[in-house]
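Accompanying notes for the structure given below.
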Amino acid sequence: VLSFIIFICYIASLAASFMMAPLLEFLLALFLFFAYASKLNEKFKGVHWPLADFLRCVTAAIIYFAISIAAVSKYSDGASKAAGVFGFAGTIVFAIDFYITFNDLVTFLKQGSSDSPEGHKTE
């Protein structure tokens, strides 16, 4: 929802060139939400879903931070300032999501690595 709000703010501002980053982030978040909701992560075991979510969070936090600094410092209209402020809030939200997803990713990787040695020991 926050990515969609940032997207709307960038459309209404003079900094409309930055609108593609929140739009892509919104679409990626929507795709991953529906993938988890429809249990695609259980059907497609070859895709590392926690890693995909982790990379989405990291790139979103970095990109939102960068474009928010540019929007607040370069443009003077109210919509650009609002988009920058929401972008900074988005950076914080994605950093928190990054931390939570990182813990899930570590658990996922430990679970995968503990299965491998047992398979080799039984052979």
Practice problem: Please report, ordered by residue number, the helices (runs of 4 or more DSSP H) entirely within region 1-85 with at least 2 residues that are loosely packed, with under 14 Cβ neighbours inside 10 Å. | Solution: 20-37, 40-43, 49-74
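Yes/no matrix, rows are residues, columns are (1) of a type outside the set (D, E, K, R); (2) at pLDDT 90 or above; (3) over 14 Å from the mean Cα position of the chain (by Cα):
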residue	(1), (2), (3)
Ala29	yes, no, no
Tyr36	yes, no, yes
Lys45	no, no, yes
Ile63	yes, yes, no
Quiz item: Does Ala16 satisfy being at pLDDT below 85 and of a type in the set (Gly, Ala, Ser)?
Solution: yes
Quiz item: Does any residue of region 12-31 turn out to be charged (D, E, K, R) and free of Cβ contacts under 8 Å to residues at least 24 places away in the same chain?
Solution: no
Quiz item: Do we have any residue at all in region 101-110 that's modelled with pLDDT under 90, open to solvent by less than 80 Å² (accessible area, probe 1.4 Å), acidic (Asp, Glu) and in a helix (DSSP H, G or I)?
Solution: no
Quiz item: So which pairs qualify, if the first residue must be in region 71-82 and closer than 10 Å to Tyr10 by Cβ, the second must be exposed (fewer than 13 other Cβ atoms within 10 Å of the Cβ) and not acidic (Asp, Glu), the Cβ gap must be under 9 Å, and the two must be at least 6 apart or on different chains?
Solution: Ser80/Lys74
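The values are calculated or read from the model by the stated rules, or taken from the named source; none is laboratory data. Because the structure is predicted, anything quoted here is derived from the model rather than measured. Positions of Cβ are backbone-derived with ideal geometry, glycine not excepted, and every protein chain shown enters the neighbour counts. Heavy atoms of the whole protein, side chains included, go into the accessibility calculation; ligands, DNA and RNA do not. Shrake-Rupley method; radii C 1.70, N 1.55, O 1.52, S 1.80 Å.
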